[in-house]
Each structure stands twice: as structure tokens, then as C-alpha cells.
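Inspection log for the structure reproduced underneath, given as C-alpha cells.
Taken together, the values in this text are just the output of simple stated rules run on the coordinates, not laboratory data. The model shown is predicted, which means the values in this text are computed figures rather than measured ones. Positions of Cβ are backbone-derived with ideal geometry, glycine not excepted, and every protein chain shown enters the neighbour counts.
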Amino acid sequence: MDNRKIGYLMGILMGGTISFVNSFVGTLSSGRFTAGSFLKSFLISFMISQILGLIIPIKKISDSLAKKLNCRSGAWKARIIDALVTDLIYSPIMTFIMIYMAYSQAKAHGADIPFVPMLLKAECIGFIAAFFLSLFLSPVYMKLLMKNNKKGAVTK
């Protein structure tokens, strides 16, 4: 398995995990949790995360920043930088789109709710949740992908 494939699979795993948690927390905190609303939120969030992952070279950005800050690859400081860069790129965009959809749907059903407080609360919750998920799950997913890569390697 080459590095591009590992990066692609990592994007699927992390995007899926963050989308799952943020969709669950978002629909649960709306006070109107249904399986349908969660599933719709998750699928849209997951699609957005995959598009962002294809467009933005997050690993290159975080590695470049870590190098400029003299961080050793794999060290805690480098992992924190990677989680922060990932979070700063993904969370605001994904959360804004998801909250705008929820807000539009609520307004269509006659709810009178303010958009900005709803957005700010969701951005804070989503940012914190995604940061810790990225920080702690990235190494776990990477080990899993590398382990599977070794099992699939052909030896002569």
C-alpha cells in the first residue's frame, strides 16, 4: 500500500469518525434527535469531509508547520499541531454547513431561533470534540493501516 492510499484511507477513517460524532452531538443537542436526521447529517458531513480531504493537502500543511516549529515527527507537539491544523480546516466549514441546514429546516417548520448563538455553540463543541478525536485517534488509525499494510505486503 503506497502513502497516497494510506492517506486516502486515513481521510475516510478520520472523516467518518468526526462526522459521526459531530452529527450525533449536533442532532442530539438540537432536542429533536431522530435516526433520519442523524443519518442525513452524517452522510452530508462525511461527503463534505471527503471533498475537503481531496482538495486540501492537510498532511503537507501540518508537516510543514511542524518542521518550521522544529517538531520531531510523531512527537506530542507534532501530533497536537496536526490535530489543530486538521481541526481548523475541517470544523468551521463542516459545522457551518450542518448548522445552516439545521437552522433552515427549523425555520421552515416555524421555529424562531437565532442563528449566531446556535452556530457559535456548535462551533465550540465541534472544535473541541474534533480536536481530541484527531489527537487521539490518528495514531490508532495509522497503526491499524500500517499493520494491515505489512500483512498485505508480498515477500519474495
Item to check | Paramagnetic label zone (point 7 Å from Cα along Cα-to-C-beta, Ala106; backbone N under 19 Å) in segment 69-95 | outcome: 92-95
Item to check | Max mean-square fluctuation residue, GNM over the chain, Cα-Cα springs under 10 Å, options Gly53, Gly74, Gly126 | outcome: Gly74
Item to check | Stretchable slack from Leu28 to Leu65, in nm (0.36 nm times residue separation minus alpha-carbon distance) | outcome: 9.8 nm
Next on the checklist: For a test of understanding, tell me how many lysine pairs in segment 1-80 have Cα atoms under 27 Å apart, given they are 8 or more places apart or on different chains.
Outcome noted: 12
Next on the checklist: With an 8 Å Cα cut-off and a minimum separation of 6 or more residues, compute the relative contact order for the chain in percent.
Outcome noted: 30
Checklist entry - Across bins of 5 angstrom width beginning at 0, how are the C-alpha pair distances of segment 3-152 distributed, in whole percent? => result 1, 9, 18, 21, 18, 13, 9, 6, 3, 1, 0, 0
Next on the checklist: Using Cβ contacts closer than 10 Å as the measure, can you line up Cys71, Cys124 from fewest to most?
Outcome noted: Cys124, Cys71
Next on the checklist: If R₀ is 41 angstrom, what is the calculated FRET efficiency for the pair Lys40 and Ala75, using the beta carbon separation as r and rounding to 0.05?
Outcome noted: 0.55
Item to check | Chain lengthening between Ile113 and Phe96 when straightened (0.36 nm per residue, less Cα-Cα) | outcome: 4.6 nm
Checklist entry - If you keep only loop residues by DSSP, which trypsin sites (Lys or Arg not before Pro) in segment 19-125 have at most 14 other Cβ atoms within 10 Å of their Cβ? => result Arg32, Arg72
